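Student: Once you've had a glance at the structure underneath, I'll fire off some questions.
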Amino acid sequence: MKYAYATDSIRAAEAEVMAVVGDDALMQQAANGLAVECARRLRRHRGKVTGSRVLVIVGPGNNGGDGLFAATRLARKGAKIFLWRITDQVHQAGWQAATRAGATEVDLDRSIELMPTLDQVIEAGFGIGGREGISDDLARLVYVSRGIVDVVAVDLPSGLGVETLSSDVRFFDADATVTFGAWKPSLLAGPAREYAGEVTFVDIGLEPDNPILEVWDALDVAMAWPFPTATDDKYARGVVGLDAGSAEYPGAGLLALGGAVHAGAGMVRFLGPVELRDTVIAQFPNVVHGRGRCQALLCGPGWGPGDHLADRLASRLAEGLRTVIDADALAYLPRDLGDNILLTPHAGELARLLKTERAAVENDPLTHVRRAADETGATVLLKGATQYVATPGETCVRVAVGGPAWTGQAGSGDTLAGICAALLAAGLDAATAAVVGASVQAITARSHPGPHTPQELAARLPDTIAELEWLLEETP
Ligand SMILES: NC(=O)C1=CN([C@@H]2O[C@H](COP(=O)(O)OP(=O)(O)OC[C@H]3O[C@@H](n4cnc5c(N)ncnc54)[C@H](O)[C@@H]3O)[C@@H](O)[C@H]2O)[C@@H](O)CC1
Ligand SMILES: [K+]
């Protein structure tokens, strides 16, 4: 699991360490980590550091300072360093050190001219003190550097927000980012992370509090998966009831059933319309029909438009079970749900829920998923290319393991809702079921490259679950 922090927490942790070791020592540690990574990349690209040509984009603050001290180290190893300062203001000690080591100042036009002759650009414009977006001058440098020179961003690419995860502004497009002391949310999640390239974490002894993101990996999923024990029967493994599908949309019901069955539910009950029974039996003879004991429910996939849907949902919720509410049922939410209720909207559905625009959700998923949890009282899984889980009253948002873009297709959401319902029935709390369910689907898609239908991927869930079990056994 990786944790990422807001700027305030990072600054507070920096202040604590600086009070002990001094700010210069902290910056030297950061600069050293940066220089090591820059040197490693130079050796990889051209065999050696000596004789390499490096341009440093120097911002006005400490981010610029990091870049200047790292460049000083590279200059001492024989690299030819050019410095372009964005503004007149620079980190004085860093500037002096770099120029004393032989670095040459150049202007913007010269930087652009030099670009084809360079081996590396160290982008030390702005870090966590930066505002979102970049100036036209910086944008020109992004344009001329792209694809022809190795760009290493310092702490995070300039222009990228730390917390909003938006890719709606201009920012530097880096091949690599060297980040210090704490993970920044935008380096781990959201559309913008693609632009940070290969990220290296340099530990400078910070111990920040209050993470705002908790990013899961396959081992976390394995550790949370409800593997049955030797004495478990079908009831202990969980009975899940699925009220899904309609005569008009039978497919969504079948896809949700496929998710629940292949995720290893002890028993799956089909609570959807009776006219679908024959179809369901033909595909899933193990599915039981009609009412009976359940540990968790799923409502919504394939309900379509219809009358009395609010009543249909209310009567399911009256059973007081852990429940996944997906798709069409999301339009009929009563007030004050509990955090044992899991809502699984995509960005469009979340936008409707919050009476806002889809683009607003996509540009700031963290704020919106948290708001949805707080306003409804339920746990919320926001589906999409990155999948976020928020619980009411909690700032920290969980992020599921990411999958390939192929998973973004009709029917994936129905399958995922079925998987989550099976996990709720097995006893996981709503937030864990959501992050584990979304992750297992993504891991399955990752291990079967190329396009696959949601039902093919559902049928491959057992392979992934078996691999997670092996992973757990092999990990000390
Ligand atoms: N405090 C320390 O000793 C340490 C700081 N670290 C580095 O310091 C960075 C933070 O440094 P700073 O707080 O000085 O902030 P930055 O260096 O990120 O930004 C400097 C200043 O630039 C101005 N600015 C921001 N965006 C701008 C824009 N778009 N156009 C023009 N001016 C703009 C702001 O006034 C800001 O304070 C971190 O990201 C990291 O790289 C690391 O060296 C670790 C230790
Ligand atoms: K930067």
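What follows draws every value from the coordinates through simple rules; no lab data is involved. Bear in mind that the values here come from a model prediction, so they are computed numbers and not experimental data. Positions of Cβ are backbone-derived with ideal geometry, glycine not excepted, and every protein chain shown enters the neighbour counts.
Student: Could you point to the residue in Asn63, Gln96, Phe126 farthest towards the positive end of the chain's charge dipole, with +1 and -1 charges on the Cβ of Lys/Arg and Asp/Glu respectively?
Tutor: So the residue furthest toward the plus end is Gln96.
Student: Which value at 222 nm does the chain reach when only helices count, each DSSP H run of 4 or more adding -39,500 (n - 2.57), with the total divided by all residues and rounded to the nearest 500 deg cm²/dmol?
Tutor: Value at 222 nm, helices only, nearest 500: -12500 deg cm²/dmol.
Student: I need the Kirkwood Rh of the chain: take the reciprocal of the average 1/r across all distinct C-alpha pairs and report it in angstrom.
Tutor: One over the average 1/r among Cα pairs gives 24.2 Å for the chain.
Student: Would you please give the residues with an amide H less than 5 Å from that of Leu83, counting only those at least 5 places away or on a separate chain, with H modeled from the backbone geometry?
Tutor: Here the answer is Val56, Thr104, Glu105, Val106, since their amide H atoms fall under 5 Å of that of Leu83.
Student: Report, in debye and to the nearest 20, how large the dipole of region 335-476 comes out about its Cα centre when Lys and Arg carry +1 and Asp and Glu carry -1 on their Cβ. Write down the numbers at each step before the final one.
Tutor: Details: 10 positive and 17 negative charges, 93 e Å.
Computed about the Cα centre, the dipole is about 440 debye.
Student: Run the reach check for Lys80 against lysines, Cα to Cα strictly under 24 Å, same-chain hits fewer than 8 apart removed. What comes back?
Tutor: Straight-line reach from Lys80, under 24 Å: Lys48.
Student: What fraction, in whole percent, of alpha-carbon pairs in region 218-474 exceed 22 Å separation?
Tutor: Tail of the P(r) past 22 Å holds 49 percent of the pairs.
Student: Can you tell me the order of 182-195, 17-30 when each peptide is scored by its average per-residue count of other Cβ atoms within 10 angstrom, highest first?
Tutor: Numbers: 182-195: 22.5, 17-30: 15.7.
Order by mean packing, descending: 182-195, 17-30.
Student: If the cut-off is 22 Å between C-alpha atoms, which lysines fall inside it for Lys383, apart from same-chain ones fewer than 8 positions away?
Tutor: Candidates past the 8-residue exclusion: Lys2, Lys184, Lys355.
Student: May I ask for the distance between the Cα centers of region 199-263 and region 325-379, given as a whole number of Å?
Tutor: 19 Å
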